[in-house]
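A short worksheet on the structure shown next.
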């Protein structure tokens, strides 16, 4: 029989994290542990990385649902993906812990050349929101550290300042040398977005994430059909949890890319549904972390490697938190590698 338990953990930001949903100083997350009564010394570990203010599961009863899941896990396990479809991060935690348990409880839920330290993943360098000068400093640091795909937020400060930051990269690096992604987090109206897209196209920007607020499907489809640069969708995907609805959305809106966060889409099975829908329609995609601890980030990186996607991925490094769990990954230039440290608190 399988038994499950969970514990809450609060991550503290080293510097306040500026996002489209405000400035974050802390972030709560939950660790789930699964054991087989016949092998009590082996523990499968996963992370339920609830993202308050963004995920559909941000409800007052989240901990109650997670507690019920653990208390009745042996009964729920056979159909947990359907039972907890409306709680994406819980699915993520369960899938990770079960895969880890199956592989001996060594924090290797998805074994491959990556976990054998024979493979690596290229990632983009994320420039967090801030003042123009702060963003310039962060951008320069990423470039000095070897990143050849930079992701900047737009719509956070004055647009002319943001365009100037992008132009400063283009003056030194061509689009072949440095890829620039921008993320608007829905910061523009459907009326002003086309002019912004034209300006970004002139600067050789690779793609823009979520140019307008989620839920404006007709306007979004029109933008995707006429944009001079590829449009990647992020927030737009979060509330769509049904497989058939995911397939219908992709076929009707036809974005150029999907930006996929396993903790927000129902773990790896839910993310795979999006990938299948995208590839059936000739649409690109990449994987992005969502402020998980090193436990969740480790699992996402291992799974992402198996997907063999040649694009730079949007995975974090865990370095934004002062009290993160022990790192399982290391960053060499812009390449993420497996470098495990065994946690003592399992």
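Close Cβ contacts (under 8 Å, 6 or more residues apart or on different chains) running from residues in segment 53-73 that are assigned by TED's automatic domain parsing to the domain that holds residue 32 and under 22 Å from residue 26 (Cα atoms) to residues that are modelled with pLDDT under 95 and part of a helix (DSSP H, G or I) comprise 54/235. Being at pLDDT below 95, surrounded by 16 or more Cβ atoms within 10 Å (Cβ to Cβ) and touching a strand residue (DSSP E or B) at 6+ places or on another chain (Cβ under 9 Å) is the filter here, so list the residues in segment 37-56 that pass it. If the condition is that a residue be at pLDDT below 95, surrounded by 16 or more Cβ atoms within 10 Å (Cβ to Cβ) and touching a strand residue (DSSP E or B) at 6+ places or on another chain (Cβ under 9 Å), then 51, 54 are the ones that fit.
Considering only segment 261-269, I want to know if a residue exists there that is outside the structural domain of residue 86 (by TED's automatic domain parsing), farther than 23 Å from residue 314 by Cβ and surrounded by fewer than 20 Cβ atoms within 10 Å (Cβ to Cβ). No: segment 261-269 contains no residue that is outside the structural domain of residue 86 (by TED's automatic domain parsing), farther than 23 Å from residue 314 by Cβ and surrounded by fewer than 20 Cβ atoms within 10 Å (Cβ to Cβ). The residues of segment 304-318 that are under 15 Å from residue 269 (Cβ atoms), touching a strand residue (DSSP E or B) at 6+ places or on another chain (Cβ under 8 Å) and in contact (Cβ under 8 Å) with a residue 40 or more places away in the chain amount to a single one, 304. Counting the residues of segment 198-217 that are touching a helix residue (DSSP H, G or I) at 6+ places or on another chain (Cβ under 7 Å) and either outside the structural domain of residue 182 (by TED's automatic domain parsing) or over 23 Å from residue 170 (Cβ atoms) (or both) gives 3. Against the criterion of being crowded, with 22+ Cβ neighbours inside 10 Å, over 18 Å from the mean Cα position of the chain (by Cα) and modelled with pLDDT of 95 or more, residue 67 does not qualify. When residue 134 is tested against the conditions (1) farther than 23 Å from residue 301 by Cα; (2) without any contact (Cβ under 8 Å) to a residue 40 or more places away in the chain; (3) surrounded by 15 or more Cβ atoms within 10 Å (Cβ to Cβ); (4) outside the structural domain of residue 299 (by TED's automatic domain parsing), the lone failure is (4).
Elements of the type strands (runs of 3 or more DSSP E) sitting completely within segment 1-91 and holding at least 1 residues that are on the phi > 0 side of the Ramachandran plot: these cover 22-36.
The values are calculated or read from the model by the stated rules, or taken from the named source; none is laboratory data. These figures come from a predicted structure and were not determined experimentally. Cβ sites come from the backbone with ideal geometry, for glycine too, and all protein chains shown count toward neighbours.
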